[in-house]
Protein chains: 2
Amino acid sequence: MSKRVTLAEVAARAGVSPITVSRALRRPDTVQAETRARIDAAVAELGYVPDPAARALATGRADVIGVLIPSATNAVFTDVLSGIYDCLAESRFDVQYGITRYESATEEKLLGVFLRQRPAGLIIAGIDQTEAARRLLDRANCPVVQIMETGPDPVDMMVGFSHHDAAAAATRHLIDRGYRRPGFLGARMDPRTRRRFAGFRAEAEAHGVFDPDRVETTDTPSSVGGGAELLRALLARHPETDAVFCNNDDLALGALFEAMRMGVSVPGQLGICGFNDLEMMRAAEPPLTSVRTNRFEMGTRAAEMIRARLEGRATGPALVDLGAQVQERRSTQGPD
Amino acid sequence: MSKRVTLAEVAARAGVSPITVSRALRRPDTVQAETRARIDAAVAELGYVPDPAARALATGRADVIGVLIPSATNAVFTDVLSGIYDCLAESRFDVQYGITRYESATEEKLLGVFLRQRPAGLIIAGIDQTEAARRLLDRANCPVVQIMETGPDPVDMMVGFSHHDAAAAATRHLIDRGYRRPGFLGARMDPRTRRRFAGFRAEAEAHGVFDPDRVETTDTPSSVGGGAELLRALLARHPETDAVFCNNDDLALGALFEAMRMGVSVPGQLGICGFNDLEMMRAAEPPLTSVRTNRFEMGTRAAEMIRARLEGRATGPALVDLGAQVQERRSTQGPD
DNA sequence: TCACGTATTGATAGCGCTGTCATCGTATTC
DNA sequence: GAATACGATGACAGCGCTATCAATACGTGA
């Protein structure tokens, strides 16, 4: 193990005191150019890198940004994570993440784990924190961004979109295309899923085409296989169903395959609309309509908001609505 | 911000010295039961939680396990990550990860970032580290596990499987099923991809069915759309191709959709085999043959190996081969 | 009985860095 | 030219914890 180089050694080499080296590194403008040059040279020669733990102890603040998401395998969250990471990779901040498994208790616990590090910032998915989690966040004493959706009463900042409105738009699209007996497929009804259902329901009711019996859901996590099962079950009960709004793209893909197996033509006998617009939707046959959500950007924006705050730059609005766009494709071209 | 409770306060409350509290927390067996009980009570009453930065500074060792993977969105890595996280969530260790973007330079840089925290352990994807990275790892002075594949000359520990052999097995399966003019589809030829290709090639050559011209690859990251394009290109050049071994499941799915568009029947006119066996493969129509890799377990095993070492337990073998299994499904049932 | 091990607890001194003053020299003002 | 402000640097202490060694009490064997 190569021995650690300390600030003091750099200082000795540069012929200044340790504190001056510290300053030269953190606020270069407060140190004379000439001195700074000597210090920079010493840093380079010795290969000095600061010890994050010592810095955290001395400042009472870790250069860590905590990210709390429900799942590390769901593409929706990994895209966001990727955006966050992208924005932070070149900064002095490290990303640390926690997986809540969609459980409030786990979320609270992880929040505690993060907070005792006194993180520089916190990004948390969703807007449905428990009272206890809310209290922890209020006292976090660092920038906090809630992501994935928008809603009233942000803890601090927010970037997302309205799942209700996005689902309503998708539903309107189905109705516009002439589908009159739409159904709904959903897995694991987390809060966002529920709000999408509410949007579907509101829009369908507004057009007099909502039938509560054409709703097929399950508690298991969503999957392609699950989408197939849900469609099969729905069509068994309601063969008149002429379109399905699927709560996400996995379900939609499964529904497509199941329709193929059952000899149901898409979009003629059945329209299929997904949610999230993963890459595969465009490539499917027929290409699948979906709702594009700007996940990567959601991540970069959230991270950028935190950085701006921490670096004392102008932060822009505290609530960013990234919207969602219905991507119309062949799978919802209208009934025969 | 609720004020931080320190060790000293707990000690005062329990009527002992700070160092005894420290011991009671870290090595309970070295403190008398009665004393320990008083300390535990004080900890609970005050809601004390240790400061990780202070601990790291004092011990010269952070309770952090660093994970280096090429991509945060590729399902293959997120599954592994998930396994790692699962094993570590209940431990005293935090996970911190870095994304190399398949770039050696980034890998080296991130390795440096991790090492200066003096992590408790390191998990790194792949076995193709540069000389410089190798040196850093050799000096890391902590358990290191290379994951995703197995190979000679491990830095320390290893858990994975042979991509060459797995691909060869899949190829053999295609040949066993009667396909005689197999092609290969590949995107972004990273080292594992290359070794899979080598396995395909070796096996096909051994059976006299390899044609270097029936290989279609691209540098872009793999995607469903990309799979479609690759198949289209391959069939345009070599319409006689009767099966494709796809380097991963996204490509396989794209190939399936493209075959549908082109009116090529699967498996009659074209057999399709993927790699990784993502959940969707089973649910497709026809269900797609793939090679099951034990990604989640790879993560848990790697994390467990590190924990065992750190906690002084028996570690088992330093090289674990998890193998890979061809999952035969309808898409490779054989030519007409 | 006495030297000596063992179990338990404590005192001391940092880990590497930064916050908070203090210090010093130079520029500015009238 | 004296008073003042300011820019640049340094001394000192301490962040919260733990490594190391010392101290104490108690039992053990010859």
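The values are calculated or read from the model by the stated rules, or taken from the named source; none is laboratory data. Keep in mind that this is a model prediction, so the values were computed, not measured. Note that we place each Cβ from the backbone using ideal geometry, even for glycine, and neighbour counts take in every protein chain shown. Ligands, DNA and RNA are stripped out before the accessible areas are found, and what is left, the full protein with its side chains, is counted by its heavy atoms. Shrake-Rupley method; radii C 1.70, N 1.55, O 1.52, S 1.80 Å.
On the given criteria, is A:Arg195 open to solvent by 20 Å² or more (accessible area, probe 1.4 Å) and farther than 30 Å from A:Glu297 by Cα?
Judged against the criteria, A:Arg195 is not a match.
Just the residues that are out of contact with any Ser or Thr (no Cβ under 9 Å at 6 or more places or on another chain) and either small (Gly, Ala, Ser) or part of a loop (DSSP other than H, G, I, E, B) (or both), please, taken from the range B:237-267.
Within the range B:237-267, B:His238, B:Pro239, B:Glu240, B:Thr241, B:Asp242, B:Ala255, B:Gly263, B:Val264, B:Ser265 qualify.
Checking B:Phe257 against (1) open to solvent by 50 Å² or more (accessible area, probe 1.4 Å); (2) modelled with pLDDT of 95 or more, which single condition isn't satisfied?
Every listed condition holds for B:Phe257 apart from (1).
Take the range A:19-28 and flag every residue that is in a helix (DSSP H, G or I) and more than 7 Å from DNA strand D (Cβ to nearest atom).
Residues of the range A:19-28 in a helix (DSSP H, G or I): A:19-26, A:28.
Within the range A:19-28, A:Val21, A:Ser22, A:Ala24, A:Leu25, A:Arg26, A:Pro28 meet the criteria.
Residue check, B:Ala8 against (1) farther than 25 Å from A:Asp51 by Cα; (2) more than 14 Å from chain A (Cβ to nearest Cβ); (3) open to solvent by less than 80 Å² (accessible area, probe 1.4 Å), all met but one. Which one?
(1)
Filter the range B:42-55 for residues that are away from DNA strand C (no atom under 11 Å from the Cβ) and among the hydrophobic types (A, V, I, L, M, F, W, C); which is farthest from the other protein chains (Cβ to nearest Cβ)?
Within the range B:42-55, the match that is farthest from the other protein chains (Cβ to nearest Cβ) is B:Ala42.
Do we find that A:Leu122 is more than 16 Å from DNA strand D (Cβ to nearest atom) and more than 8 Å from chain B (Cβ to nearest Cβ) in this structure?
Judged against the criteria, A:Leu122 is a match.
Just to be sure, is A:Leu68 assigned to a strand (DSSP E or B) and either more than 8 Å from DNA strand D (Cβ to nearest atom) or within 14 Å of chain B (Cβ to nearest Cβ) (or both)?
Taking the combined requirement at face value, the residue satisfies it.
Residue by residue, here is whether (1) within 14 Å of another protein chain (Cβ to nearest Cβ); (2) in contact with a Gly (Cβ under 8 Å, 6 or more places away or on another chain); (3) surrounded by fewer than 20 Cβ atoms within 10 Å (Cβ to Cβ); (4) not β-branched (Val, Ile, Thr) holds:
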position	(1), (2), (3), (4)
A:Ser104	no, no, yes, yes
A:Arg118	yes, yes, no, yes
A:Asp128	no, no, yes, yes
A:Val144	yes, yes, no, no
A:Met158	no, yes, no, yes
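Pairs under 6 Å by beta carbon, first residue under 11 Å from B:Val43 (Cα atoms) and of a type outside the set (Asp, Glu) in the range B:12-26, partner at pLDDT below 90 and outside any helix (DSSP H, G or I), six or more apart or different chains?
B:Ala24/B:Val31
May I ask you to list the residues in the range A:208-240 that are within 29 Å of A:Ala75 (Cα to Cα) and β-branched (Val, Ile, Thr)?
To start, the set of residues in the range A:208-240 that are within 29 Å of A:Ala75 (Cα to Cα) comprises A:214-235.
Scanning the range A:208-240 gives A:Val215, A:Thr217, A:Thr218, A:Thr220, A:Val224.
Which numbered condition in (1) farther than 24 Å from B:Ala75 by Cα; (2) open to solvent by 20 Å² or more (accessible area, probe 1.4 Å); (3) touching a residue at least 60 places away in the same chain (Cβ under 8 Å) is the only one that A:Phe93 fails?
Only one criterion is unmet by A:Phe93, namely (2).
Somewhere in the range A:63-85, is a residue at negative phi, in contact (Cβ under 8 Å) with a residue 24 or more places away in the chain, within 16 Å of DNA strand C (Cβ to nearest atom) and among the hydroxyl-bearing types (Ser, Thr, Tyr)?
Within the range A:63-85 (the criterion being at negative phi, in contact (Cβ under 8 Å) with a residue 24 or more places away in the chain, within 16 Å of DNA strand C (Cβ to nearest atom) and among the hydroxyl-bearing types (Ser, Thr, Tyr)), the answer is no, since none of the residues qualifies.
In the range B:222-273, how many residues are more than 13 Å from chain A (Cβ to nearest Cβ) and under 23 Å from B:Asp190 (Cβ atoms)?
Counting residues in the range B:222-273 that are more than 13 Å from chain A (Cβ to nearest Cβ) and under 23 Å from B:Asp190 (Cβ atoms) gives 8.
Does B:Leu88 meet the test of being out of contact with any His (no Cβ under 8 Å at 6 or more places or on another chain), surrounded by 20 or more Cβ atoms within 10 Å (Cβ to Cβ) and closer than 23 Å to A:Leu115 by Cβ?
So B:Leu88 passes the test.
Looking at B:Phe114, B:Phe77, which is the one that is closer than 25 Å to B:Val155 by Cα, in a helix (DSSP H, G or I) and touching a Ser or Thr at 6+ places or on another chain (Cβ under 6 Å)?
B:Phe77 is the lone residue from the list that is closer than 25 Å to B:Val155 by Cα, in a helix (DSSP H, G or I) and touching a Ser or Thr at 6+ places or on another chain (Cβ under 6 Å).
Please count how many residues of the range A:29-48 are part of a loop (DSSP other than H, G, I, E, B) and within 9 Å of DNA strand D (Cβ to nearest atom). It would help to see each step written out before you state the result.
Kept after step one, since they are part of a loop (DSSP other than H, G, I, E, B), are these residues of the range A:29-48: A:31-32, A:47-48.
Subsequent filtering for residues that are within 9 Å of DNA strand D (Cβ to nearest atom) retains A:31-32.
Number of matching residues: 2.
Spot the failing condition for B:Ala58; the list is (1) open to solvent by less than 60 Å² (accessible area, probe 1.4 Å); (2) within 11 Å of chain A (Cβ to nearest Cβ); (3) within 16 Å of DNA strand C (Cβ to nearest atom), and only one is missed.
Status for B:Ala58: all satisfied but (1).
Here are A:Gln129, A:Gln96: which of them is part of a loop (DSSP other than H, G, I, E, B), away from DNA strand C (no atom under 16 Å from the Cβ) and more than 14 Å from the chain's Cα centre (by Cα)?
None of the others qualify; the one that does is A:Gln129.
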